[in-house]
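Report on the following structure.
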Amino acid sequence: MLKGINSLLNAHVLYALRAMGHGDDLIIAGANFPAKSIATKTVLGKVIKIDASASEVIKAILSVYPIDTYSKDSIARMEVDGEPNTILPVMNEVQSEITALVGPKKMSAMLRLEFYERAKKAYAVIQTSERRFYSGFAIRKGVIGPSI
């Protein structure tokens, strides 16, 4: 255990988050996501697992992870097939955590297959125990400015 670090952020997660650079993508995916096959194509090359819901994992990650402020799609969600305007409860929960931690930054929507392609180019994939459908999220890493 570390003081001030959410206990969901194990050594594997902390290593990946620290190793990432500005512009690298982190994928947070549910239990049904093809995490292992996609993670083998990422920079890290393996899946990281966290046994918690998508919103709990996002909350833990955003406690230490800066979000990119330069691109419109720095936070994205997988959209429901054939229903681009549908917002599922899991998406609302994640959006609430984002708003609480970083302000009113709205998630962009991505078609499922486009999301898979973005995930293959990501730095790492974290698979949660979230069983609700369409619980895939991408978060692009930002920067932390110099101290004044």
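Restricting attention to region 120-137, and to residues there that are assigned to a strand (DSSP E or B) and touching a Ser or Thr at 6+ places or on another chain (Cβ under 9 Å), which single residue is nearest to Arg77 (Cα to Cα)?
Val125
Looking at (1) over 19 Å from Gly142 (Cα atoms); (2) touching a strand residue (DSSP E or B) at 6+ places or on another chain (Cβ under 8 Å); (3) touching a residue at least 60 places away in the same chain (Cβ under 8 Å), which is the one condition that is false for Asp73?
(1)
State which residue pairs qualify: first residue under 17 Å from Lys59 (Cα atoms) and among the charged types (D, E, K, R) and inside region 25-44, second residue exposed (fewer than 15 other Cβ atoms within 10 Å of the Cβ) and at pLDDT 95 or above in any location, beta carbons under 8 Å apart, and separation of 6 or more residues or different chains.
Between residues of region 25-44 that are under 17 Å from Lys59 (Cα atoms) and among the charged types (D, E, K, R) and residues that are exposed (fewer than 15 other Cβ atoms within 10 Å of the Cβ) and at pLDDT 95 or above, the close pairs are Asp25/Lys121.
For a quick check of your reading: which strands (runs of 3 or more DSSP E) sit entirely within region 1-100 and have at least 1 residues that are surrounded by fewer than 18 Cβ atoms within 10 Å (Cβ to Cβ)?
Correct list: 47-49.
Residue by residue through region 125-148, note down the ones that are under 21 Å from Ala31 (Cβ atoms), surrounded by 13 or more Cβ atoms within 10 Å (Cβ to Cβ) and out of contact with any strand residue (DSSP E or B) (no Cβ under 6 Å at 6 or more places or on another chain).
Scanning region 125-148 gives Thr128, Ser129, Glu130, Arg132, Phe133, Ser135.
The values are calculated or read from the model by the stated rules, or taken from the named source; none is laboratory data. This is a predicted model, so every value here is computed, not measured. Cβ sites come from the backbone with ideal geometry, for glycine too, and all protein chains shown count toward neighbours.
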